[in-house]
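The values are calculated or read from the model by the stated rules, or taken from the named source; none is laboratory data. Not measured: the values here are computed from a predicted model. FYI the Cβ positions are ideal-geometry reconstructions off the backbone, even for glycines, and counts take in every protein chain you see. These accessible areas exclude ligands, DNA and RNA; they are computed on the full protein's heavy atoms, side chains included. Shrake-Rupley method; radii C 1.70, N 1.55, O 1.52, S 1.80 Å.
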Amino acid sequence: MSNGLAAIVAYEWPGEEQGRRGRVESARALLEVIEEHMPATDGIVLLLDGQPVPKLPQADTDTSSRARDLSSHTRVDVNTLLDGIKVGCSSFRGTG
């Protein structure tokens with residue numbers, strides 16, 4: 001989880017994925033960085049992608065199903081990821 005969040009943070013806010021010692025921050029700290037820049041609405045942060053959504057060829061007969069797969073943003077579900085961190089930490093420590 002940390003690597004994926006670090007990639008998002010490094011792309012959006014270069015350098016903020018690293019702590020004082022130059023190491024990648026924890027997933028929880030990276031989520032805090034994201035929320036500092038883009039406050040969550042109902043636990044969701046939407047980061048606009050820098051590239052426009054690609055145009056589909058008009059001749060493609062399956063455009064309706066493929067169009068759903070294309071997006072102009074990255075969705076970060078902060079609440080779900082925080083829950084995952086809690087579950088992961090508790091099972092790692094043998095408390096969950």
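Key figures for this structure:
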| item | result |
| --- | --- |
| Filter result (of a type in the set (Gly, Ala, Ser) and free of Cβ contacts under 8 Å to residues at least 40 places away in the same chain) within the stretch 25-51 | SER26, ALA29, ALA40, GLY43, GLY50 |
| Criterion violated by LEU46 - all others in (1) surrounded by fewer than 16 Cβ atoms within 10 Å (Cβ to Cβ); (2) under 13 Å from the mean Cα position of the chain (by Cα); (3) assigned to a helix (DSSP H, G or I) satisfied | (3) |
| Of all residues making up the stretch 1-49, the number that are under 11 Å from VAL76 (Cβ atoms) and among the charged types (D, E, K, R) | 2 |
| Answer from ARG20, ARG75, ARG28 - the residue that is at pLDDT 80 or above, part of a strand (DSSP E or B), open to solvent by 80 Å² or more (accessible area, probe 1.4 Å) and among the charged types (D, E, K, R) | ARG75 |
